[in-house]
Every structure is written in structure tokens, then in C-alpha cells.
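Here's the structure we're looking at; comments come further down.
Derivation of every value follows stated rules applied to the coordinates shown; laboratory data play no part. Remember, it's a predicted structure, so these values are computed and weren't measured experimentally. Cβ sites come from the backbone with ideal geometry, for glycine too, and all protein chains shown count toward neighbours.
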Amino acid sequence: MKLNIKIPSSLKEITLRQYKRYLKLQETVKEERFLNAKMIEIFCNVKLQDVMLLKLNDSNEIISMLSELFEKKPSLVSKFKLNGLEYGFQPQLDDLTLGEYIDLDTYIGDWENMEKAMNVLYRPVLVKLKDKYSIEKYRPETSDKLLDMPMDAAMSSIFFLWSLGLELSKTMTSSLVEEEGKALTQYLTSQKNGDGINQFSDSLKAILQDLKISQN
């Protein structure tokens, strides 16, 4: 039986939904060979029964190719198209509202709800002028649409935020304190030992440890 498999050549061809599905399996499946088979099934959109028909050498090669996609640090993806709409990365992080900041801080360290964090960072583009653009107003209820966003955008935005480090948290916190004052203070002080500020950076560290798919 001849089996044609389209192997993703970049993270652009893998969705956040697929990656979340794979991560979920990692939590429960400990048998390495079966997990590798599921990796091919999920990322190559092939039925598991067909994956089992692959020659061992071919399956190992595919697994190696898929693993390598997650080992590279991607540059920030500023725009991508999804379901006929163009999405753009938040061009003014300093302009995040209190609600946007809280949602980003809450979900950026939670792969189970990563689409909610991505919904803060990426929104439909309204107007473009050369390299500049504006995006839609934040709508928390639209987060499920981001489940099908490309993983290169998701991963690159996480790396980008990490590269900004605590400076981003300090800048955002300073700006929000000016605008929202008491509301932000109440949110941050509600976190044990002031963890609210540091959680943004600490959670990203944990995320980076999970970004790499390995065969180990």
C-alpha cells in the first residue's frame, strides 16, 4: 500500500490546536513508540492505522523532521492569515488595558488556555499603511478562533515576550498603575507574596521548557 504523507516543513503548517492535542497526550501516554506514532498522526493529519503501516526507518525519519521544527527559535510573526482574515500582533504593548494585561498574565503560562493569551496578542487587522497597522478592539469571547492559528506565530510571540523579560512587566505595570491605580494594585496584591508581577516572567520560563518536542 502506497501512503502519501504531507510532512510540515515549518511551524506555520502546524496549528495551536494540534500542538495542544499533542501536549495533552504527553501527559497521559508514557509509551514512547505509541507517542511517536501519535505525533505523526496529529501533525501530518494521517490516520493512526495508516501510520502503523509505515516502515520503521521512514517513521523515525518523519519523527526526527517534526522534532527539528520545534528546536528553532522563530522570529516574531507580526501578521498571519486565518479563515480569510489577517491577524496582526499587538503593535503597542504599552497600550494594553488592565483587562488585557490580566488575561495575558493569567493565560500565557497555561497551555490548556493558550488561545486566550494569543487572543490578547493577535487580533484582526483593521487598517494597514505600509508597515503600520491597527487591530480590532480586544474581545475575550473570540479566543477559540485562535486555536487554528499557526504555531510559528504562537511560539514566536512567546519568545518575543520572553526576550523583553521583566522590562515588559515593569513597563506595563507602570503604565497601568498610572491609568488604573487602585484596580491594578488590588490585582497584584491579591497574588501571594507579590507573585503577580513575577509570574509573567516565571511562567514564560516554564513555557520554554515545554516548547521543544523531543524523542526522549
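Please identify the GluC sites (Glu not before Pro) of segment 20-107 that satisfy two criteria: DSSP loop assignment and at most 10 other Cβ atoms within 10 Å. Which are they?
Numbers: sites: Glu27, Glu31, Glu32, Glu41, Glu61, Glu68, Glu71, Glu86, Glu100; in loops: Glu31, Glu71.
Sparse-neighbourhood loop GluC sites (Glu not before Pro): Glu31, Glu71.
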Treat each spin label as a single point 7 Å out from the Cα along the C-beta direction, and report the Leu164 to Asp148 distance in nm.
2.9
If every alpha-carbon in segment 11-69 counts as one equal scatterer, what log10 I(q)/I(0) does Debye give at q = 0.13, 0.19, 0.20, 0.23 1/Å?
-0.30, -0.66, -0.74, -0.98
A correct Karplus calculation of ³J(HN,Hα) over segment 149-160, with 6.51 cos²θ - 1.76 cosθ + 1.60, θ = phi - 60°, whole Hz and x for Gly and Pro, returns 6, x, 5, 5, 5, 4, 5, 5, 5, 5, 4, 5
Centre separation in Å (Cα based) which lies between segment 71-105 and segment 15-31
23
In nm, to one decimal, how far is the Arg139 label point from the Ser75 one, both placed 7 Å along Cα→Cβ?
3.2
Quick note, segment 15-133: a/c under 1.5 would make it rounded; otherwise a/b > b/c is prolate and the rest oblate (a ≥ b ≥ c, C-alpha gyration tensor); here it is prolate
I'd like the Karplus ³J(HN,Hα) series for segment 13-21: coefficients 6.51, -1.76, 1.60, θ = phi - 60°, whole numbers in Hz, and an x wherever there's a Gly or Pro.
9, 10, 9, 4, 4, 5, 5, 5, 5
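May I ask you to derive the FRET efficiency for Gln49 and Glu86 from their Cβ-Cβ distance with R0 = 25 Å, giving the value to the nearest 0.05?
Details: r = 38 Å, r/R0 = 1.51.
That pair, Gln49 with Glu86, gives E of 0.10.
Can you pull out the trypsin sites (Lys or Arg not before Pro) in segment 35-87 whose DSSP state is coil and whose Cβ has at most 16 other Cβ atoms within 10 Å?
Lys47, Lys55, Lys72
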